[in-house]
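Engineer: This is the structure I want to talk about, given as structure tokens.
The values are calculated or read from the model by the stated rules, or taken from the named source; none is laboratory data. Not measured: the values here are computed from a predicted model. Heads up, the Cβs are rebuilt from the backbone with ideal geometry, glycines too, and the neighbour counts pull from every protein chain shown. Please note that ligands, DNA and RNA were not included when accessible areas were found on the heavy atoms of the full protein model with its side chains. Shrake-Rupley method; radii C 1.70, N 1.55, O 1.52, S 1.80 Å.
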Amino acid sequence: MSIILIFGGILLYILILTVRFRVSPFVTLISASFIYGILEGSDPVILYQIIISGAAKIFQLLAIMVFCGVCIAHMLRKSGYIDVIVDDISKIMKNPVDTAGVGGFILSLPLMCCNTAFVLIAPVIEQTVGKKTSAPYLYIAAIASIISFVLIYPSPAVVPVIATLLPVLTDPWRLDIVLIPVAVIMLILILLFARKKTRNLKPVKITVISDHSRIKAWTPVLTPFILAGLGLLIPAFSFFSMISVALFCGMLVAMILVGKEARDTGVHDGTKYAGLIMFDLCGAGAFGAVIASGSFPEEVFTLVSGNIPALFLPFILAATIQAAAGSRVVSAATTAQILVKATGFSDLEPTALILMIAGGSCMISFVSDPYFWLVKRFTGDDTAEVIHNYTLPLAGIGLLIGLAGVLVQVLSGHL
């Protein structure tokens, strides 16, 4: 049996378990890893070792980052500081569309999870524009949070790609010189689109009253980036340039500033939520490792050799895996693990490679995407409306990100 047919069947298996039966992504991906390996003819003992090593690699890369980001988010929510942050953004942005978009875009970065950022900002949006008119603004916050999450280092959607495909890259932060402008352009485009969609909408303006200190509210969010910047600029502080260390310090600052009740509840709830996220991501690591260890990468390149440029394969793979697995981190990490065993990428510009994977992971955010159902629940819209207002605009952004990757590759002198 062709390994590509096996891969297609496994993706269908993942899709059915995820959409039809709502099985945990961890259970789905681990079982898919075993089924795929056995069908390919792998020795069960060796297969098990590959699965646990793939899961362990993802845990090593992301565990501290995810735990700290999620705990910061839950402490900010419990303390009420998140209201202050969004209120400050609204005072600068003025337009509620810009507030929702910029808020989702910014919060997704230090919290290390676009879903968590949306869960935090959604109630504030409903409170500030009125629940009846909140849906268009919720869509913008959701899409904007994904844009920064899939593009900007050190997001968990970018870190596995760099660690797997670009291990010799000594300064991954320099990639943001291109990635951040691309992300900002995508944000501006979606905001312009949203302004046209909401120009006849009259939100109910409600003033958020809070007596919380703005310094206390913003400090946990800004601390990781300040420390990382110091680590990059000052050799004596280079230890803090490691984002896991910077985020851990941000979490400690949050624990000090939010008060005992918010600290205890936030860390307790954050630990549970971070555990769920990490199990899903470890499942993705296992699945990607099994696929990468077999003949799939070579067969894919044999199939496409001479038909499509190598640059487009990361985009296609990420989009395919996104359709089945739903998670953007799963899509990015699995795509990277498949490509690391393949050939034909020596001439690809690293930034272009990241852009192609990021663009592909935005293409098919449908029923297998947990974020799809999260947005549906908060907006209260039916499935067709969520597809129209979330899935399709996000796919358009994915195409534009892919085009940006092509442009970067062309400007680098290779296609």
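Engineer: So which residues in the stretch 368-385 are under 18 Å from the mean Cα position of the chain (by Cα) and either open to solvent by 30 Å² or more (accessible area, probe 1.4 Å) or modelled with pLDDT of 80 or more (or both)?
Structural biologist: PRO370, TYR371, PHE372, TRP373, VAL375
Engineer: Would you mention how many residues in the stretch 212-242 are outside any helix (DSSP H, G or I) and closer than 23 Å to GLY104 by Cα?
Structural biologist: If we filter the stretch 212-242 for residues that are outside any helix (DSSP H, G or I), which is where we start, we get 212-213, 234, 242.
So of that shortlist, the ones also closer than 23 Å to GLY104 by Cα come out as 212-213.
Within the stretch 212-242, residues that are outside any helix (DSSP H, G or I) and closer than 23 Å to GLY104 by Cα number 2.
Engineer: Given the criterion under 25 Å from LEU109 (Cβ atoms) and either among the hydroxyl-bearing types (Ser, Thr, Tyr) or over 25 Å from the mean Cα position of the chain (by Cα) (or both), identify the matching residue among SER327, SER295.
Structural biologist: When all the criteria are applied, what remains is SER327.
Conditions tested, residue by residue: (1) surrounded by 24 or more Cβ atoms within 10 Å (Cβ to Cβ); (2) basic (Lys, Arg); (3) touching an Asp or Glu at 6+ places or on another chain (Cβ under 6 Å).
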| position | (1), (2), (3) |
| --- | --- |
| ALA117 | yes, no, no |
| PRO123 | no, no, no |
| LYS132 | no, yes, no |
| LEU166 | no, no, no |
| LEU175 | no, no, no |
| ILE185 | no, no, no |
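Engineer: How do the helices (runs of 4 or more DSSP H) wholly within the stretch 243-353 filter down when requiring 1 or more residues that are of a type in the set (D, E, K, R) and at pLDDT below 90: which remain?
Structural biologist: Because the criterion is at least 1 residues that are of a type in the set (D, E, K, R) and at pLDDT below 90, the helices (runs of 4 or more DSSP H) in the stretch 243-353 that meet it are 260-293, 296-304, 328-339.
Engineer: Please enumerate the residues belonging to the stretch 386-399 that are buried (at least 17 other Cβ atoms within 10 Å of the Cβ) and not small (Gly, Ala, Ser).
Structural biologist: Residues satisfying the conditions are VAL386, ILE387, ASN389, TYR390, THR391, PRO393, LEU394, ILE397.
Engineer: On to the next question. Being surrounded by fewer than 24 Cβ atoms within 10 Å (Cβ to Cβ), of a type in the set (A, V, I, L, M) and within 23 Å of the chain's Cα centre (by Cα) is the filter here; which residues of the stretch 83-115 pass it?
Structural biologist: ILE85, ILE89, VAL102, ILE106, LEU109
Engineer: All but one of (1) assigned to a helix (DSSP H, G or I); (2) without any contact (Cβ under 8 Å) to a residue 40 or more places away in the chain; (3) open to solvent by less than 60 Å² (accessible area, probe 1.4 Å) hold for VAL23, so report the exception by its number.
Structural biologist: Condition not satisfied by VAL23: (1).
Engineer: Of the conditions (1) more than 21 Å from the chain's Cα centre (by Cα); (2) more than 18 Å from LEU281 (Cβ to Cβ); (3) in a helix (DSSP H, G or I), ILE51 fails just one. Which one is it?
Structural biologist: It is condition (2) that ILE51 fails.
Engineer: For LEU247, all conditions in the list (1) surrounded by fewer than 16 Cβ atoms within 10 Å (Cβ to Cβ); (2) more than 30 Å from ILE10 (Cβ to Cβ) hold save one; what is the number of the exception?
Structural biologist: Among (1) surrounded by fewer than 16 Cβ atoms within 10 Å (Cβ to Cβ); (2) more than 30 Å from ILE10 (Cβ to Cβ), LEU247 violates only (1).
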